[in-house]
Amino acid sequence: MRRVRGWLLRLGGLFRRERREKDLATEIESHLQMHIQDHLRAGMSAEEARRQALIKLGGIEQTKEIYRQRRGLPVLETLFQDLRFAGRMLLKNPGFTAVVVLTIALGVGANAAIFSVVHAVLLKPLPYPESDRLVMVWEKVSLPNYQNDQNEPSPGNFADWRSQNSVFENLGAYRNRSFNLTGAGEPVRVEAEQVSAGLFSVLKVNAALGRVFTAEDDQPAGRHVVVMSDGLWKSRFGSNAKILSKTILLDGESYNVVGVMPPDFHFPDRNDQLWVPIAMTSQDLANHGSHFLLVTARLKRNVTLAQAQGDLNRLAQHLTELYPDTNTGVQAKVIALREEIAGPMRPVLVALFGAVGFVLLIVCANVASLLLGRASARHREIGIRIALGAGRIRILRQLLTESALLALLGCVFGLLFARWGILTLKLLNPPHIPRMDEIHIDTSVLFFSLAISVLAGFIFGVLPALQATRDNINDSLKEGARESAGGASLRTRNLLVILETALGVVVVIGAGLLLRSFLILERVPLGFQPRSVLTFRIIPRGERYSQLAGRTAFYQQAMERIEALPGVKSAAAVSFIPLTFARSSKGFSIEGRVAPAAGEIPMAAYDAVTPGYFGSLQISLQSGRDFSWGDTPQAQRVVIINKTMARTYWSGEDPLGKRIKFGTPDDPFPWWTIAGVVGDIREYDVLTAPRPTVYLPVSQADDSNYLLRDWVVRTNGDPLTIASSIPAAMRQVDPDLPVSRLRSLEQLRNISVAPQRFSLSLFGLFAALALVLAAVGIYGVMTYSVAQQTREIGIRIAMGARRGDVVKLVLGEGLRHAALGVILGLAGAFALTRLMERLLYGVRPTDPITFACVTLLLAGVALLACYLPARRRRAMRVDPIIALRHE
Amino acid sequence: MGERADVWQGTLALMVLKTLQALGPLHGYGIARRIEQTSGDLLAVNYGTLYPALLKLEQEGYISSEWGTSDNNRKAKYYKLTRAGRKQLDKEAREWEQTTEILARFLAPGKESA
């Protein structure tokens, strides 16, 4: 206790130092005077009295020093002293300090920004209670003609998993849909989820206002109920708590609002605004054949993923025996929900994290090099301090304090950069990055930044500090000692140049590979012409459109209205426009062929379209004819297939006139006659290869599943100029149907390659940073090296060397180091780029073209960074006389 | 001066406390003189040892100090015993007596060996 008090007071002793110093001086002085007084009283002369007193009492200054050590905490005092000194040194060279702090800030900032994304997307638990027990359950299908690791489960499988598993607390199913919300301001289309009642209990989330669904809500006969998001409640209903006693109109039907979710709740998608019961019938729940659900489950406590997988494997086998027609080759697959969400981002983030790590190392090398350069300038200062008795450790500590201070300053500014970076990211809001709202600079990011800054400070500080204290004092105090001392530090700096060039090469090659695959991606033929096409979505739902005739009339009227707009060439509608949605596929049978074995039925994706769709998108018609409004339900049922389908199922035959049927030949479905073949298009994204596809004329597609949602409008010029006239035109057809997703097909195309563009931009940014830093590093060392060799160059020129020779000499040395760095970097890249294989498209990780281009680029940059100082700064202008007098 | 011993740190604290108990508030010089006199001038107290010891005692709360005026009108810092200091003095004095007693038994002219 007493001891603690002592320490606290000593800590206090660090402050109000002047006052304490004065007190001490007074006290000792009065002690001395009293002593002298006593001597005087004893009869000594004044001088003798003072002398004796001083002899007896010992050195006043030493006493004060001992006293001071007892008064404060010497360790801390030294630290403060070092910090003050470091601060003075940094202020004395504001240019140097600014360059170093900026360099560190760039490195730390890039790392902090990427880490905050990594942390939010990959590391943080999901924002649901005990989220580590949440999983997704998929079907894993392996059939001869269809394999999918993450197939959407059928309602039957969901129901059987739910009732027969022993590993889950509960399972919840959901599927996405959208509603036209009317009667609350402008009609608007809102994203919604149809969910089973168990979903909210799986997530362990309750409504903030009202309640979530009960089992009674989730019955086919149940009344219409809805739970809404906080966002929608605020924006459309003014956060009015009376909402719970109200109904809202969705697709023209009224729904009772039973609950409002908490503000930060979203599942599964950020954009979801409404949740309604999925209310599957017992018939639905016995259906093992159509696959359209998403299933989330909560593991029981202490059940591992592997145990859950084992239980589902057992169950799947059982289901296969029960339902061989539908469940042959169908297993189940469990994935942690967090992994499911983060999964696709992982390779990108890991690669980016690696790249910024390298950038930070380059930063360290650069700063170390700068500090080395300065250490040799401070050589004499350090020599003098050692001569005056400063210990080596003491000076090391002083120098390391300086680099720590630089690192911390860099950290502060770096965090500012990171903040800007994150704000920019949020502004761009790339749709493929999950959990965007959770990305911010929190304590973990702060700690991470602080840790890497301290580590970096140590890395770049220790080498120059060791170097500075290693040299012999005598050398450093001698005039003209700069040569030898500078030599040692120059060697170290050359090593650093090699290192940072190598690191730079690796990062630039990474960026180069991404650039190459992006360029290849951009050149992938889409099969349609996105230029000058406007797209938008309007969904005819409600009483008026429950029958095919009503829908067909709507499409025809809408088409007429749009085509009447000035600047419009043609318009057409489709179930889903390309590049937005993975279409479902169906099994089909071909007339006259032997029925295939179970699980080997041919599969095709399907889309319903209006006449003119292929023309509007400029999808080539290979043979046969386009649909027309004459393809009525009374006429012959016709379909158009794509080239891949023709090639797959009618190779060497003409598919025109052949008939197909969805399902098996015995199913009570109609036959469709193939009336045309069109070219392949990229339907889901730019990367996915085309698959067999059937197009149906919407005028004959009487199942309400074949709803046309999206419109394509080919225009004469910039499609966005007519965008504003679309909603008005549609209001004339039906004022209750909202228009959404108005954008050009080019914009959509850009969105579809946004993930690649995102990784390329960031990687490119970091590569540019690496390149600039490496160039600055080489430039700095070359400048320094030329300055060091002033004398040698002078002698050479005096001896008759031509300036060209001198330039060559200086240049040669710099380039040798750069070349060594490039070679090391190529080797490193060769070993490392395979880690980013999953980010590449159409390029091998060891793509020789990229490697060659990057080598040339780095060689060019190195040449420039060496040539400028060699030529302009010193070497050429050295006057031999001045050079020889240099010492 | 060589014949006079310096005081050990540990015992100096005890002597300071005892002095302050005996004489009441006193300045550093007074304490030093008193210790030297009491020791019959066998001990020499210089300020290099005295003042750090006083500071330590003050930091630990056994003594407190305030500025005052000495007999001959000089500004001086007066130290006085606190309550904690009095307790500590009792405790240390007891311990010290015990220690010296034990040592005395060891050093007493060889009763056992006789």
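The values are calculated or read from the model by the stated rules, or taken from the named source; none is laboratory data. Predicted model, so just to flag it, every value in this text is computed and none were measured. Every residue, glycine as well, gets a Cβ built from its backbone with ideal geometry; the counts of neighbours run over all protein chains shown.
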Entirely in segment A:642-728, the strands (runs of 3 or more DSSP E) that have 3 or more residues that are crowded, with 21+ Cβ neighbours inside 10 Å: A:672-678, A:693-697, A:710-715
Going through segment A:514-565 in order, the residues found to be free of Cβ contacts under 8 Å to residues at least 60 places away in the same chain, outside any helix (DSSP H, G or I) and closer than 21 Å to A:SER740 by Cα are none
The conditions are (1) modelled with pLDDT of 90 or more; (2) within 19 Å of A:ALA787 (Cα to Cα); (3) hydroxyl-bearing (Ser, Thr, Tyr), and A:SER484 fails exactly one of them. Which is it? (1)
Give the residues of segment B:42-52 that are within 12 Å of chain A (Cβ to nearest Cβ) and surrounded by fewer than 22 Cβ atoms within 10 Å (Cβ to Cβ), sorted by residue number. B:ALA44, B:ASN46, B:GLY48, B:THR49, B:PRO52
Would you say A:VAL568 is among the aliphatic types (A, V, I, L, M) and under 29 Å from the mean Cα position of the chain (by Cα)? no
Can you find even one residue in segment A:448-464 that is within 30 Å of A:ASP269 (Cβ to Cβ) and at pLDDT 80 or above? yes
Output the helices (runs of 4 or more DSSP H) that fall wholly within segment A:218-330 and possess 2 or more residues being over 30 Å from A:GLU438 (Cα atoms) and touching a helix residue (DSSP H, G or I) at 6+ places or on another chain (Cβ under 9 Å), or say none. A:305-322, A:324-327
Filter segment B:61-74 for residues that are free of Cβ contacts under 8 Å to residues at least 24 places away in the same chain and buried (at least 17 other Cβ atoms within 10 Å of the Cβ); which is nearest to the other protein chains (Cβ to nearest Cβ)? B:ARG74
So how many residues does segment A:601-641 have that are within 13 Å of A:VAL678 (Cα to Cα), aliphatic (A, V, I, L, M) and assigned to a loop (DSSP other than H, G, I, E, B)? 1
Restricting the search to segment A:537-562, which residues are buried (at least 22 other Cβ atoms within 10 Å of the Cβ) and within 25 Å of A:GLY717 (Cβ to Cβ)? A:ILE538, A:ALA558, A:ILE562
Residue pairs within 6 Å by beta carbon, gap of at least six or interchain, first lying in segment A:654-669 and modelled with pLDDT of 90 or more, second in a loop (DSSP other than H, G, I, E, B), listed first then second, are A:ARG659/A:GLU591; A:ARG659/A:TRP671; A:LYS661/A:PHE669; A:LYS661/A:TRP671
Within the bounds of segment A:591-598, is there any residue that is touching a residue at least 12 places away in the same chain (Cβ under 8 Å), part of a loop (DSSP other than H, G, I, E, B) and either under 30 Å from A:LEU293 (Cβ atoms) or in the same structural domain as A:PHE292 (by TED's automatic domain parsing) (or both)? yes
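Does A:THR97 satisfy being away from chain B (no Cβ under 12 Å), polar (S, T, N, Q), surrounded by 14 or more Cβ atoms within 10 Å (Cβ to Cβ) and touching a helix residue (DSSP H, G or I) at 6+ places or on another chain (Cβ under 6 Å)?
In short, yes.
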Exactly one condition in (1) charged (D, E, K, R); (2) away from every other protein chain (no Cβ under 14 Å); (3) more than 13 Å from the chain's Cα centre (by Cα) is false for B:LYS18; which is it? (3)
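I'd like to check something: does segment A:142-151 contain any residue that is in contact (Cβ under 8 Å) with a residue 24 or more places away in the chain, hydrophobic (A, V, I, L, M, F, W, C) and either crowded, with 22+ Cβ neighbours inside 10 Å or not in a strand (DSSP E or B) (or both)? Talk me through it step by step, then tell me what you get.
Of the residues in segment A:142-151, the ones in contact (Cβ under 8 Å) with a residue 24 or more places away in the chain are A:142-146, A:149-151.
Checking which are hydrophobic (A, V, I, L, M, F, W, C) leaves us with A:143.
Still in the list and also either crowded, with 22+ Cβ neighbours inside 10 Å or not in a strand (DSSP E or B) (or both): none.
No, every residue in segment A:142-151 fails to be in contact (Cβ under 8 Å) with a residue 24 or more places away in the chain, hydrophobic (A, V, I, L, M, F, W, C) and either crowded, with 22+ Cβ neighbours inside 10 Å or not in a strand (DSSP E or B) (or both).
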Conditions (1) at pLDDT 85 or above; (2) part of a helix (DSSP H, G or I); (3) surrounded by fewer than 21 Cβ atoms within 10 Å (Cβ to Cβ); (4) outside the structural domain of A:ALA564 (by TED's automatic domain parsing): number failed by A:LEU742: (2)
Taking segment A:239-257 and keeping only residues that are under 15 Å from A:VAL227 (Cβ atoms) and touching a residue at least 40 places away in the same chain (Cβ under 8 Å), one is left with A:ILE248, A:LEU250, A:VAL257
If I filter segment A:42-58 for residues that are under 30 Å from A:PHE447 (Cα atoms), part of a helix (DSSP H, G or I) and without any contact (Cβ under 8 Å) to a residue 12 or more places away in the chain, do I get at least one hit? no
Would you pick out the residues in segment B:75-90 that are of a type outside the set (A, V, I, L, M, F, W, C), more than 7 Å from every other protein chain (Cβ to nearest Cβ) and outside any helix (DSSP H, G or I)? B:TYR78, B:TYR79, B:LYS80, B:THR82
Evaluate the following for B:THR69: is it among the β-branched types (Val, Ile, Thr), in contact with a strand residue (DSSP E or B) (Cβ under 6 Å, 6 or more places away or on another chain) and either at pLDDT 90 or above or under 25 Å from A:TYR67 (Cβ atoms) (or both)? no
State whether the residues of segment B:30-38 include one that is under 10 Å from the mean Cα position of the chain (by Cα) and facing another protein chain (nearest Cβ under 8 Å). yes
